[in-house]
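The values are calculated or read from the model by the stated rules, or taken from the named source; none is laboratory data. Nothing here was measured: the structure is a model prediction, and the numbers come from that model. Note that each Cβ is placed from the backbone with ideal geometry, even for glycine, and that neighbours are counted across all protein chains shown. Side chains included, ligands, DNA and RNA excluded: accessible areas come from the protein's heavy atoms. Shrake-Rupley method; radii C 1.70, N 1.55, O 1.52, S 1.80 Å.
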Amino acid sequence: MAVKQAQRAKKSEAHEDKRQMIVEECASLFDRIGYHKTSMQMLAEEVGLGKPTLYHYFPSKNAILFAIHEAHMSRLLSGLKSGLQSDPLDCLRSACEDILTQIAKHPGYVRAFMDHYADLEGEMRDTIRAQRLEYVTLLQTMLEEAMAAGKIKRCDPVMTTYGFLGMCNWAYKWYPPLARDLDPKEAARQLCEPLFGGLRKD
């Protein structure tokens with residue numbers, strides 16, 4: 001029994017590793033030629049699989065797009081939650097660094113996330129919408145609590161949250177060419193400093 005369980009676990013792990021590889025390669029193809037210009041046949045050729053085998057891992061192109069969105073949001077939510085108990089400006093800087101790290105390491109993921117959220121369908125779109133809302137709410141709540149505790153200046157938490165996210169997320173347009181010479185940690189420091197100048201208590 002133990003041997004069979006170990007074999008099933010190993011098979012499941014190998015299956016998940018293969019799915020992850022497929023997602024990585026497909027995100028790269030979406031980035032190069034565009035989501036709407038790709039077909040399942042093109043995606044299968046990109047990952048070196050027959051089309052029927054690709055369907056074994058993902059039932060549709062939209063399911064691959066969903067996997068990209070889910071991987072991106074899972075990483076960002078995990079990073080944000082781990083930093084919520086720190087100083088509020090340190091938390092924001094860390095969140096910015098996480099976003100820039102994703103842009104540097106997984107530009108195809110981020111471009112698909114930014115440009116093709118509207119192409120998700122049904123429950124998949126609902127799931128990602130809930131994750132996006134959770135992320136925004138966590139940031140906004142953290143800012144509200146920091147203001148109430150006197151750790152940062154009072155400002156509109158909604159506007160500050162969306163301003164911060166707009167600043168970080170828009171980097172997917174300009175940061176990739178710079179990432180080779182400007183690592184995410186330093187880029188986050190430079191990007192956040194003007195905002196932090198307005199948030200710091202005198």
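What to note about this one:
- Scanning the range 105-126 for residues that are touching an Asp or Glu at 6+ places or on another chain (Cβ under 7 Å) and open to solvent by 40 Å² or more (accessible area, probe 1.4 Å) returns Pro107, Arg111.
- Residue in the range 72-90 that is over 27 Å from Gly150 (Cα atoms) and aliphatic (A, V, I, L, M) present: yes
- Restricting attention to the range 55-73, the residues being among the hydroxyl-bearing types (Ser, Thr, Tyr) and either in contact (Cβ under 8 Å) with a residue 40 or more places away in the chain or buried (at least 18 other Cβ atoms within 10 Å of the Cβ) (or both) number 1.
- The range 70-84 - residue that is within 13 Å of Glu134 (Cβ to Cβ) and over 11 Å from the mean Cα position of the chain (by Cα) and, of those, modelled with the lowest pLDDT: Leu84
- Against the test of being surrounded by 13 or more Cβ atoms within 10 Å (Cβ to Cβ) and under 17 Å from His69 (Cα atoms), the options Leu165, Leu191, Leu178 yield a single qualifying residue, Leu165.
- Taken over the range 148-162, residues that are touching a Pro at 6+ places or on another chain (Cβ under 7 Å) and open to solvent by less than 70 Å² (accessible area, probe 1.4 Å) amount to 1.
- Selection count where residues are closer than 13 Å to Phe196 by Cα and part of a helix (DSSP H, G or I), scope the range 147-160: 1
- Taken over the range 161-202, the residue count meeting the criterion of being closer than 21 Å to Arg32 by Cβ and in a loop (DSSP other than H, G, I, E, B) is 4.
- Looking only at residues in the range 15-54 that are open to solvent by less than 60 Å² (accessible area, probe 1.4 Å) and of a type in the set (Gly, Ala, Ser), the one that is farthest from Met114 (Cα to Cα) is Gly50.
- Per the listing Leu89, Leu133, the residue uniquely open to solvent by 10 Å² or more (accessible area, probe 1.4 Å), touching a Lys or Arg at 6+ places or on another chain (Cβ under 8 Å) and either part of a helix (DSSP H, G or I) or without any contact (Cβ under 8 Å) to a residue 60 or more places away in the chain (or both) is Leu89.
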